[in-house]
Structures are given as C-alpha cells and as structure tokens.
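Working notes for the structure below.
The values are calculated or read from the model by the stated rules, or taken from the named source; none is laboratory data. Owing to the predicted nature of the structure, the values given are computational and were not obtained by experimental measurement. No Cβ is skipped: glycine too gets one built from the backbone with ideal geometry, and neighbour counts run over all protein chains shown. We work out accessible area using only protein heavy atoms, side chains counted, and drop any ligands, DNA or RNA first. Shrake-Rupley method; radii C 1.70, N 1.55, O 1.52, S 1.80 Å.
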Amino acid sequence: MLHLDTGNTGFMILCGSLVMLMTPGLAFFYGGLVGRKNVLSIMIQSFISLCWTTVVWYVCGYSLCFSGDVGGIIGNLDMAFLRHVDLMAPSPNDSIPLIVHVAYQMMFAIITPALITGAFANRVSFKAYTIFLIGWLLLVYFPMVHMIWGGGALQKWGVLDFAGGIVVHAIAGMAALASVFFLGARRVKEKGPHSVPLVALGTGLLWFGWYGFNAGSELAVDEVTATAFLNTDLAASVAAAVWLIWSVIFEKKPKFVGLLTGAVAGLATITPAAGYVTPSSARVIGILAGTVCYFAIRFRVKRGWDDALDVWGVHGVGGVLGIISLGVFATLSVNAFGADGLAAGNAEFFGKEVAAALGASAYAFAVSYAMLWVINKFTPVRVTKEEEEAGLDEALHGETAYETT
C-alpha cells in the first residue's frame, strides 16, 4: 500500500531529472574528447540510448528487472508495458509511487550502455550499435539489475551495490574492453581532444547529475542520503586532485583533461559505496580511484589496447575497485541496512563482493564479445576504411559539427 511522502517523492523526481542530465553530459564529455570529424557520431550514440532505452524500458525493461523472479537471474513480464503501474502502486520504498521508481531506474538504464561507446569511438557503424544497444540491455544490463537490485540471486546472497558499481560501471567497462578486443585499433587516430571546454562542460554536468545518481539511490531523504551526497563529492574531488598530482609526476604538467578524468574516476568508484561508508573512507576511496585508474590507463596504453576514451580504465576498473572498497570499508554505523566490511572483521562479506564483481565482469565481457560476433555475421560492426578516414559525422550521418573553410 502506498504511504505517500511528498518530500521523498519530490526529491526522487528531482534525482531522476539529475540522472537524465548525465546522458547529455556524457555526450558533451565524449564529444570533446574525440577529434573534430567524429563529434556528432559519438554524441548521437548517447542520445539514441536516451530514446531507444526508454522504449525498451517501457515495453519490458522495468518488468524484467523488478517484477517477479525467474531462477534468480531475471524478472518476468507481469509489468510489461507498465501493467499494474498506477499512481497508487507503491515502489520498493512505499513512500514514493511506483511510477517514480520506474522513471528513476530508467535513467540508469539509459546511461549505462552509452558509457560503452567511448571505447569504440570512430569505428562502429550506427546500425550495428543500435542492435548492440538493445541486445546488451536484454542480455547483460537487465539480468544484472535484477540479480542485485530486483530480488535476484546476488541480492539474496548478500551482495550490496548502493548505486551501480557492478550494475553500471563494471559491466559497462568490461563490455567496452570486449569491444576493443573484437574491433581492434582505429585505422585513423584523429587528434583529440578537439575541445577541452566541451570535456569540462560534460564533466560538470556528470558531476552535478551524480548527486542524483548516488544520493537518490537511497530512495528517500534521510541521514544515508546526506552521507551519500557528501561522499560523492569527497571522492570525486580527492580523485581529481590525486590524478593531477600523478600527471605532474609522469607527464610534467598539470593536465586539465587529467583532472576532469580523475573526477569521473572518483565518481565511478564511490558509486557502489556511497551510502555504506563514512566520509573518511570516501576520502581514501578517492585516493585509490585517482591512483589505480590512472595507472590502469597507463597499463592499457602500454598494452596497445585502443580504448579510445578510456572507458575500461575509468569505469571498468573504477567500478570493480569501488565494489572491493565497499567490501573493505562498509559499516553498519552509516547504514543499518548495509554490512560491516573487512576492516570491521567481516571477511565473508568482502569475499562475496569480490566474487560478485569478478563474476559480473567476466559475464559482461563474454556476452558483449559474443554479441558483437553474432551481429557482425548479419551486418558489419566496423565501418569501412574510407568512412573512418572521412570521419563518421559526414560518412554516416551527413552532418558536421563545424563548418569547414
């Protein structure tokens, strides 16, 4: 039964709006990082997720994530086309209407596959991407949401993920790495970033929206909400500063793009732990994010993996690191519905978090790679050499971001 709380409901509508804003923010972030001839092609990949994912979510996505349970892996279709969703139906938090929960979780579904696009920038056909987008939601994202947030096997086992370390960042990052291995390197590496101000704008929108992403995941306004809000900012700020320090040490200059990337790494890493750890632990997580993700990218470069915009290093590594950090630093003193972590002597919880992160990452990698292989049998996933040389804005979309002189 719905026990409407107008404060909680208003707050969740605001948080859903903030999370929605993150997808255009991601488009600006990625758009600034690529070269001038591929700006629109990377941006439209975020905006098409805003459209297609909304439709899929309405048709079956919410139901497969949050309605019933089939083998602990996926939900059922009882709520397909939002059947039984009305203004008086309660959400998992009975103080907000179910329809608000539907909208809020939809925004997570929209941005998660869009994160992957940074890895294969400049070399994937739009048709193949749209097929991959829908398939990936059905085969990877929806099962993970159900297993961890929708009453599935991992949630019943005791795995925690406050706002999407596994559900969003780890699986997107590993899908990104799978796409890099499947596609290989770009034939033409256009000079980028072409617009650092666009990257900064995108980072600002992402950072702003992330407060709704993390604080909103409490689904109410209480002390956990406030803690998650503060932890989000602390981790992002510390990670950005630490990344800048490493860039000075190894690159001899304080790189602005590095600072912005570090902030996003901090935001991704704190996501699963935001509502379960103290601000002091969030500071430590920020230090770890700014360090581990920085060196993950250096490792990636040495290995020659052409993850164009470092989705794996920031989101994949950051998401897994965040889950491991949650396993270490979680404390019931912050959230009575959480757990004590390894630092409090709970090795069992730590082991479950690590196992879930590694298992989900392996699943996302394998299924994503297999999907690309199958799609490629029906339509080429990779654009032609001529299209890559011309730039995908003109070659695929018949538009350009900037006038040529």
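The table that follows gives values for the structure above.
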read-out	value
Rounded to the nearest 10 Å², the accessible area of C51 at probe 1.4 Å	80
Net charge dipole size for the chain [Lys, Arg +1 and Asp, Glu -1 on Cβ; Debye, nearest 20]	1360
Among T384, T117, T269, residue whose mean-square fluctuation peaks in a GNM of the chain (springs only between Cα atoms under 10 Å)	T384
Interchain or long-range residues, amide H under 5 Å from R382's placed H	S125
Straight-distance crosslink candidates among lysines, where the alpha carbon sits under 18 Å from K377 and sequence neighbours closer than 8 are dropped	K127
Spin-label model distance (nm) - L4 vs E348, 7 Å beyond Cα toward Cβ	4.3
Accessible surface, the stretch 355-405, averaged per residue in Å² (probe 1.4 Å)	59
Whichever lysines have a C-alpha closer than 26 Å to that of K253, once near sequence neighbours (fewer than 8 apart) are set aside	K189, K191, K302
Helix axis angle, 196-215 relative to the chain longest principal axis, alpha carbon, degrees	10
Solvent-accessible surface ranking, highest first, for T54, T271 at 1.4 angstrom	T54, T271
Length-normalised contact order of the chain in % [C-alpha pairs under 8 Å, at least 6 apart]	23
Exposure of L201 as accessible area (Å², to 10), given a probe of 1.4 Å and all protein chains	80
Portion, in percent, of the accessible area of the chain that falls on carbon or sulfur, probe 1.4 Å	67
Sites V188 and L14, calculated FRET efficiency, Cβ-Cβ separation with R0 56 Å, nearest 0.05	0.85
With Cα atoms, 0 to 90° folded angle of helix 6-33 axis to the chain main axis	20
222 nm mean residue ellipticity, helices alone, for the chain (DSSP H n ≥ 4; -39,500 (n - 2.57); rounded to 500)	-20500 deg cm²/dmol
Accessible-area order (highest first, 1.4 angstrom probe) of the listed residues E403, E223	E403, E223
K385-W52 pseudo-label distance in nm [points 7 Å out on the Cα-to-Cβ vector]	2.8
Computed FRET value (nearest 0.05) for F295 with A370, which takes r as the C-beta separation and R₀ as 41 Å	0.85
Alpha carbon centroid spacing (whole Å) that separates the stretch 255-333 from the stretch 83-136	23
Degrees, to the nearest 10: 256-270 long Cα axis against longest axis of the chain	30
Most mobile listed residue (E218, E251, E394) in the chain, GNM with C-alpha springs under 10 Å	E251
Rounded Å value of the spacing that divides the Cα centres of the stretch 1-77 and the stretch 182-202	24
Top of I42, I297, I171 by mean-square fluctuation, Gaussian network on the chain, Cα under 10 Å	I297
With all protein chains modelled, accessible area of F365 [1.4 Å, Å²]	50
Surface per residue (accessible, 1.4 Å probe) for the stretch 229-334, Å²	35
